[in-house]
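Report on one structure; see the data block that follows.
The values are calculated or read from the model by the stated rules, or taken from the named source; none is laboratory data. These numbers come from a predicted model, not from an experiment. Glycine also receives a Cβ, built like all others from the backbone with ideal geometry; neighbour counts cover every protein chain displayed. Ligands, DNA and RNA are excluded from the accessible area calculation, which covers all protein heavy atoms including side chains. Shrake-Rupley method; radii C 1.70, N 1.55, O 1.52, S 1.80 Å.
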Amino acid sequence: MSCLLGDVLLSAAFLTYTGFFDHFYRHFLNSEWRYFLDQIGLKYRSDLSYMEFLSKPTDRLQWQVQELPNDELCIENAIILKRYNRYPLVIDPSD
């Protein structure tokens, strides 16, 4: 429970800001956000996985059945698309 606020803040930032960026810049932003949380003393899980935190295993299995590639970028993009209220901006450099 002590890490819930930090985990939710990181996840919300991920959903809001990272759809536009490639895999490497997403990791850079994540590192920067964690650095700032450390600076203000907000706890978060160091092993936080957005794939695990923001999606269900059944969703990921369904995406695999529908032939979504099983790499981290594609699954993150699917999570952003599934959780967005309006029209997310997602750029997939593999196309």
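Data for the structure
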read-out: Single unsatisfied condition, CYS74 versus (1) at pLDDT below 90; (2) open to solvent by 40 Å² or more (accessible area, probe 1.4 Å); (3) among the hydrophobic types (A, V, I, L, M, F, W, C); value: (2)
read-out: Spans of helices (runs of 4 or more DSSP H) in the stretch 1-64 with at least 1 residues at pLDDT below 90 and closer than 17 Å to ARG83 by Cα; value: 4-17, 50-54
read-out: In the stretch 31-50, residue farthest from LEU5 (Cα to Cα) [restricted to those that are open to solvent by less than 100 Å² (accessible area, probe 1.4 Å) and basic (Lys, Arg)]; value: ARG34
read-out: The stretch 82-94: number of residues that are among the hydrophobic types (A, V, I, L, M, F, W, C) and either in contact with a Lys or Arg (Cβ under 8 Å, 6 or more places away or on another chain) or at pLDDT 85 or above (or both); value: 0
